[in-house]
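The structure under discussion appears below in the form of structure tokens.
Every read-out reported here was derived from the displayed coordinates using simple, explicitly stated rules and does not represent laboratory data. Here the structure is a predicted model, which means the values were calculated and not measured. Positions of Cβ are generated from backbone atoms using ideal geometry, with glycine treated the same way; all protein chains shown enter the neighbour counts.
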């Protein structure tokens, strides 16, 4: 009975090791493909704006798969999309402690926001100059 239990434990360990090796394979990401924005339409249907090189595509995804809806070919529309995507900031989920500290330090945050706004405008001007070249 102990021998049978040992064999079962070894089999379980081998299965977990094989699954762990399969999950840990990572995809190398680069700047060639970017998700510029996403919008949830319903529970399982989402629209994505994806930039591949200099081309921008509107892609729909659902449980059934992915489908190309349209390619954005208008230069002005591409520029607007790129500008909006560069303005987007990721808001990581904060813990309770971070929320309390943020609530207590509002005065210093207002000054930082003003400094950030000025730097942001300078960065946007330089990006627009690069786009027009």
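Numbers at a glance
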item: Order by protection proxy (mean Cβ within 10 Å, highest first), peptides 52-63, 120-131; result: 52-63, 120-131
item: Potential extension, residue 86-residue 57 segment - 0.36 nm per residue separation minus Cα distance; result: 8.8 nm
item: Principal axis box of segment 34-75, alpha-carbon based, largest edge first, Å; result: 32, 16, 15
